[in-house]
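Some notes on the structure that comes next.
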Amino acid sequence: MRLITLDDFLDTYSKVAQRGYSFFLSKFTFNKNSRAISAFDESYSETSNWWIIPAVQKRWSKMICGDENVEYKDYFMKKLFDGKSDLKLLSLGAGECAHEIELGAYSNFSEVTCVDINQSNLDLGKKNADEKGLKNMKFLNADVNKYDLPQDYYDIVFFSHSLHHFEEIEKLLEQKVKPCLKSGGKLIIHEFVGPTRHQFPKEQIAAVNRAIPLIDKKYRTRYKTKMSKNRYYGPGLLRMIIADPSECVDSASILPAIYKNFSVVEEKPYGGNILVGALKEIAHHFVKENPEKKKILQDLFDFEDDFLKENQSDYLFGVYEKTI
């Protein structure tokens, strides 16, 4: 466990450059929810992380769906719910509800309910849903731990990069998620399932540092700074808690808790163990490709694939069924 690392100072400087001093000052409050909400405010898009790279997104699709041109929601809708109707879906920690709005456009759903603690995110989601003419969307501003969900009601409970923000995962799944699902209902996750608070093992950090030299130095300038990324230290525990108290607060418990309460229908790991650390703060260089960048990314992908042969993936798409 690392309390403070050099990356904490480098990343703090980068965040101030990207998102301003007001974002930095928003962290100086004892209110955990306020700090968590500020991590996903309107400046959240001001970032340079692995998920913004089109080639990385295609890699996810290939690993999850078997086809880089198929999006994972299309994949599971066709595979699991083709021909089914009057489906009810619940999404917890839905944020701005972009994924849920995409699902709501399927005629299979009579109801898609988005739950989040940030009302402004839900307001934006409702605005977008209304613009698309979707009448089956519901938006609920609530802390799910303090809210009584209907029992045996939903066909799907959906988490898209939100489950790792919940505390006491086993309690959440056992006392909230499982009871609200119908018999045979599905839990679907697209999630970080790696170490709690991103306290990655030293072997993984060492592997990331072997991968970084695969990136030409001219593509290692941190976003909106003049600093070059030469080494990865991983985040310290203190900054993780200050920056966003909800970030990966109990992520190591996700899979054990799921296996205890649900049966596995399908699991598709899609890595991240190397790419997240190697590309953090420099991913913007790879949004637009050229042959040189394409080769660098492929070298990184191959490096991570070799690492995954002996190590559990940090990110996972999974479908699980409610057990009695």
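The values are calculated or read from the model by the stated rules, or taken from the named source; none is laboratory data. Because the structure is predicted, anything quoted here is derived from the model rather than measured. So basically every Cβ, Gly included, is an ideal-geometry build from the backbone, and we count neighbours across all protein chains shown.
Just for the range 192-223: of the residues that are among the small types (Gly, Ala, Ser) and farther than 18 Å from residue 8 by Cα, which one is surrounded by the most Cβ atoms within 10 Å (Cβ to Cβ)? If we take residues in the range 192-223 being among the small types (Gly, Ala, Ser) and farther than 18 Å from residue 8 by Cα, then 194 is surrounded by the most Cβ atoms within 10 Å (Cβ to Cβ). In the range 243-271, the residues that are of a type in the set (Phe, Trp, Tyr) reach residues that are surrounded by fewer than 19 Cβ atoms within 10 Å (Cβ to Cβ) and at pLDDT below 95 with C-beta atoms within less than 8 angstrom, at least six apart or across chains, in these pairs: 262/323. Among the polar types (S, T, N, Q) and without any contact (Cβ under 8 Å) to a residue 60 or more places away in the chain - does that describe any residue in the range 96-109? Checked the range 96-109: at least one residue is among the polar types (S, T, N, Q) and without any contact (Cβ under 8 Å) to a residue 60 or more places away in the chain. Among the candidates 242, 205, 212, the residue that is aliphatic (A, V, I, L, M), within 18 Å of residue 304 (Cα to Cα), in contact with a Lys or Arg (Cβ under 8 Å, 6 or more places away or on another chain) and assigned to a helix (DSSP H, G or I) is uniquely 212.
Rundown of residues vs (1) of a type outside the set (Asp, Glu); (2) within 28 Å of residue 300 (Cα to Cα); (3) in contact with a Gly (Cβ under 8 Å, 6 or more places away or on another chain), yes/no style:
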position: 140; (1), (2), (3): yes, no, no
position: 146; (1), (2), (3): yes, no, no
position: 151; (1), (2), (3): yes, no, no
position: 162; (1), (2), (3): yes, yes, yes
position: 178; (1), (2), (3): yes, no, no
position: 205; (1), (2), (3): yes, yes, yes
position: 209; (1), (2), (3): yes, yes, no
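Residues that are hydroxyl-bearing (Ser, Thr, Tyr) and surrounded by fewer than 16 Cβ atoms within 10 Å (Cβ to Cβ) within the range 143-155 comprise 147, 153, listed in sequence order. When residue 140 is tested against (1) in a strand (DSSP E or B); (2) crowded, with 18+ Cβ neighbours inside 10 Å, only condition (2) is not met. Scanning the range 52-85 for residues that are more than 30 Å from residue 110 (Cβ to Cβ) and either touching a residue at least 60 places away in the same chain (Cβ under 8 Å) or among the hydroxyl-bearing types (Ser, Thr, Tyr) (or both) turns up 52, 53, 54, 55, 56, 59, 63. Against the criterion of being over 23 Å from residue 72 (Cα atoms) and touching a Gly at 6+ places or on another chain (Cβ under 7 Å), residue 223 does not qualify. Of all the residues in the range 297-311, those that are more than 12 Å from residue 271 (Cα to Cα) and either aromatic (Phe, Trp, Tyr) or crowded, with 18+ Cβ neighbours inside 10 Å (or both) number 1. Which residue pairs have Cβ atoms under 8 Å apart, sit 6 or more places apart or on different chains, and have a first residue in the range 155-169 that is under 19 Å from residue 269 (Cβ atoms) and a second that is of a type in the set (Phe, Trp, Tyr)? If the second residue must be of a type in the set (Phe, Trp, Tyr), the pairs left are 161/192; 164/192.
For residue 92, the stated conditions do not hold, so it cannot be described as at pLDDT 95 or above, touching a helix residue (DSSP H, G or I) at 6+ places or on another chain (Cβ under 7 Å) and more than 25 Å from residue 315 (Cα to Cα). Restricting the range 173-216 to residues that are within 22 Å of the chain's Cα centre (by Cα) and of a type in the set (Asp, Glu), the residue that is farthest from residue 7 (Cα to Cα) is 174.
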